[in-house]
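K.L.:
Here it is: the structure, laid out below.
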């Protein structure tokens, strides 16, 4: 009998939720390890960098990398795992689109370090870290680049598992589609091809025409949990977000914020969301239009909460990618 196929998992710049989403496979994780060997998973098993470096190129059947790319060591590990893996999957919103981590692209690296190590009250006794080439080489940190990048801006990616975090069902399907040799064509996002609205439990309550005179935040109104959020003036990005999440937020009585990313034919999810909301504003003059638009307190953070690094904007102008 031949050896079992090898799997690897790795964590870059993220909150750790994608690692938890693998644990959420529960009993199905035991089914995975019956059919494959988890060769490298630093958050859960004691394997070393040297173990990974010593295996042959392409010897790992599939690697799931979660988290965006910000530090030099993450670039190095992404390239090493790409080299060692036959199939590489971007696991979760941060690897796929930049995620919430990517919102840092609205600020320069210097502004971020100034805020963290000088401006906040809790930083009074914190030493600013030293990066390679910066003063003393005592315990230097990996280089902190100017921009957050998506995984496919650093290495080639074969497939994408969307979500913040992905559902266990999507992760299970992604892994077993590799083990059972039934993957779709490379480059696919492994979720629905239609917008979330198509599977939303509130879809039947959505009227054919929606007109909004003021956008409301969820704490500002007592909304009807049986009606479409947009029809009540509460921003929901379901119409411009890929389905496949099982409408978890909607079923928890919260509007969609777009973590599954855009559909295949959409270049920029944030621009699409802006166009959607612009089309349903009801205003008779410029002053009224501006007032309605101003009821969205943070358009950048709303429209690009998960996809800034992958967008046309990428982030704050200037600074390059290093």
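The values are calculated or read from the model by the stated rules, or taken from the named source; none is laboratory data. The structure presented is a predicted model; accordingly, all values stated were derived computationally and were not measured. All Cβ positions, even for glycine, are placed from backbone atoms using ideal geometry, and neighbour counts span all protein chains on display.
K.L.:
Tell me, yes or no, whether segment 166-177 has at least one residue that is outside any helix (DSSP H, G or I) and either touching a residue at least 24 places away in the same chain (Cβ under 8 Å) or farther than 22 Å from residue 22 by Cβ (or both).
P.N.:
Checking segment 166-177: at least one residue is outside any helix (DSSP H, G or I) and either touching a residue at least 24 places away in the same chain (Cβ under 8 Å) or farther than 22 Å from residue 22 by Cβ (or both).
K.L.:
Only one of these is touching a residue at least 40 places away in the same chain (Cβ under 8 Å), assigned to a helix (DSSP H, G or I) and over 27 Å from the mean Cα position of the chain (by Cα): 250, 292. Name it.
P.N.:
On inspection, the qualifying residue turns out to be 292.
K.L.:
Scan segment 256-289 for residues that are outside any loop (DSSP other than H, G, I, E, B) and surrounded by 13 or more Cβ atoms within 10 Å (Cβ to Cβ) and jot them down.
P.N.:
Selection gives 269, 270, 271, 272, 273, 274, 276, 277, 280, 281, 288, 289.
K.L.:
Continuing with this model, one more query. Can you tell me which residue is surrounded by the fewest Cβ atoms within 10 Å (Cβ to Cβ) among those in segment 181-204 that are over 16 Å from residue 170 (Cα atoms) and in contact with a helix residue (DSSP H, G or I) (Cβ under 7 Å, 6 or more places away or on another chain)?
P.N.:
201
K.L.:
Right, another one. Report yes if residue 51 is in a helix (DSSP H, G or I), at pLDDT below 95 and surrounded by fewer than 17 Cβ atoms within 10 Å (Cβ to Cβ), otherwise no.
P.N.:
For residue 51, the condition - in a helix (DSSP H, G or I), at pLDDT below 95 and surrounded by fewer than 17 Cβ atoms within 10 Å (Cβ to Cβ) - is met.
K.L.:
Test residue 176 against the stated conditions and say whether it is under 25 Å from the mean Cα position of the chain (by Cα) and at pLDDT below 95.
P.N.:
Answer is no for this residue.
K.L.:
Which members of segment 130-160 meet the condition of being surrounded by 14 or more Cβ atoms within 10 Å (Cβ to Cβ) and modelled with pLDDT under 70?
P.N.:
Across segment 130-160, the qualifying residues are 130, 131, 140.
K.L.:
Looking at (1) more than 23 Å from the chain's Cα centre (by Cα); (2) modelled with pLDDT of 95 or more; (3) not in a loop (DSSP other than H, G, I, E, B), which is the one condition that is false for residue 79?
P.N.:
Status for residue 79: all satisfied but (1).
K.L.:
So, residue 95, is that one buried (at least 24 other Cβ atoms within 10 Å of the Cβ), in contact with a strand residue (DSSP E or B) (Cβ under 9 Å, 6 or more places away or on another chain), part of a strand (DSSP E or B) and touching a residue at least 60 places away in the same chain (Cβ under 8 Å) or not?
P.N.:
It is false that residue 95 is buried (at least 24 other Cβ atoms within 10 Å of the Cβ), in contact with a strand residue (DSSP E or B) (Cβ under 9 Å, 6 or more places away or on another chain), part of a strand (DSSP E or B) and touching a residue at least 60 places away in the same chain (Cβ under 8 Å).
K.L.:
Checking residue 231 against (1) under 29 Å from residue 20 (Cα atoms); (2) in a helix (DSSP H, G or I); (3) touching a helix residue (DSSP H, G or I) at 6+ places or on another chain (Cβ under 9 Å): exactly one of these is not met. Which one?
P.N.:
(1)
K.L.:
Go through 7, 69 for me and flag whichever is assigned by TED's automatic domain parsing to the domain that holds residue 105, within 22 Å of the chain's Cα centre (by Cα) and closer than 20 Å to residue 153 by Cα.
P.N.:
Criteria check complete, one pass: 69.
K.L.:
Does at least one position in segment 244-253 carry a residue that is touching a strand residue (DSSP E or B) at 6+ places or on another chain (Cβ under 9 Å) and at pLDDT 95 or above?
P.N.:
Yes, some residue in segment 244-253 is touching a strand residue (DSSP E or B) at 6+ places or on another chain (Cβ under 9 Å) and at pLDDT 95 or above.
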